Every structure is written in structure tokens, then in C-alpha cells.
Amino acid sequence: MISSVLITDDLVPFARDFAAVCAERSMNPCLLSSRSSIEDRPVWNRSSRLSAHSLCLDVKNRYGTIDSAVLCFDATAFSVSVAELADIVDSLVKAYIILCERLEDVLSKQGAGHLCFVLCEQQQSKGSEVQLPVQREVRMAEAAFRILAEDCAVRLNASLIRVDNAERMNCAQWLADRIAAPHRSKSSASWVKAASRGILGFM
């Protein structure tokens, strides 16, 4: 029985889809918000260590434990200029580092719990020269997220999942199935494509 699933965050399309699937299955999703105007969602001030501490307490107070934390990264979710994107992804990677440090402490004290790193990808269109700087920033951000995820997978019970943005809902259903499964496999530093078939498609 899943007690709660912490999900980051409501700016990421896959995170919203996944939270909706979890809600349908009574898995108690707790979708973080970077906007204080959203009611009944813990607010994640990405630059604040205190915020990371407070939101974990919030989830534990609501549900008792954090059974799973699903950290979704999608650098393409921001429709901004190249300069703005560079600043955003830099702050976002730092925010995930802060949050992971806090979650590592929480899960260690609980003696149980699971971290899932989700890297949202999309097919790279044959781009114009205007797109190339954006693609470069996105790839750099994704590489930094991969390093963080693989480092955590060495120390924690963690899964590394790649999601095709073109198949978001199928991937959300697949991931909910895996998280709710009574027997999860051990942590792995290998990336698995969501909704893939066969033994490598299971966590």
C-alpha cells in the first residue's frame, strides 16, 4: 500500500500527468508547486534549503511517511530565451541537489522509501541554427541531472527512468504500476525507458 508519493513539480507536464494517475489510484500524490498561489500543494522554493526541509515535513505530516519521491526533470518545459533558459536550468539542477540531500536524510531515518529520477525527453527536430543554442543548454542540463541521479542510485534505493514526452500518459501509467508493485527490484544506476517491454522495462 502506497502511503504517499512526492512529485516534482507542477511546471513539468509529465509530473502533472503522473500525479493525476496516482490520484486515480488513491496513491496519495503530493505534487509540489513552485507557485504559492496553488492551494493544497506544498510550495517548493527551489533556492531554499529551508523550503526543502519544510516540504518534506509537510508531506510526512499529511501522510506519515514519504513512500516514494519522483523527481521529474524537463528542461524543455520552459519557453524562454536561451539566456533565460541557461539561468533556469542552472538553478533547477542546484535545487534538485538540495532536495536530494534532504530526501536522503528523510529516507535514511525512515529506514524505507524509494527515489525515482525521471528524465523527460523529446525527439530532437532537425533544427535551425536558432534552435541549436537551446538544444545545447538542454543537453547540458540533462547531463547534470543524470550525474546527480546516478550518484544517488549508488547510495539509495533509486530508479532511473527516461520518459518520451510524446508518450507521457502511457509512461505515467507504467511508472505508477511499477511504484505500486509490492516487490521492486534493487537500486540500479542504469537508465530504463518507461513503458518498455520485457525484463529491462521493470524497476
Handout entry: Residues of the stretch 60-74 with amide N under 17 Å of a point placed 7 Å along Cα→Cβ from Glu104
Key = 69-71
Practice task
Please give the contour-minus-distance gain from Val192 to Arg139: 0.36 nm per residue of separation, less the Cα-Cα distance, rounded to one decimal in nm.
Solution key: 17.3 nm
Practice task
Pop the C-beta distance of Ile97 and Glu24 into the FRET formula with R0 = 30 Å and round what comes out to the nearest 0.05.
Solution key: 0.40
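We did not get these values from a lab; they are worked out from the coordinates using the rules stated. Computed from a prediction, not measured in an experiment: that's the story for all the values here. So basically every Cβ, Gly included, is an ideal-geometry build from the backbone, and we count neighbours across all protein chains shown.
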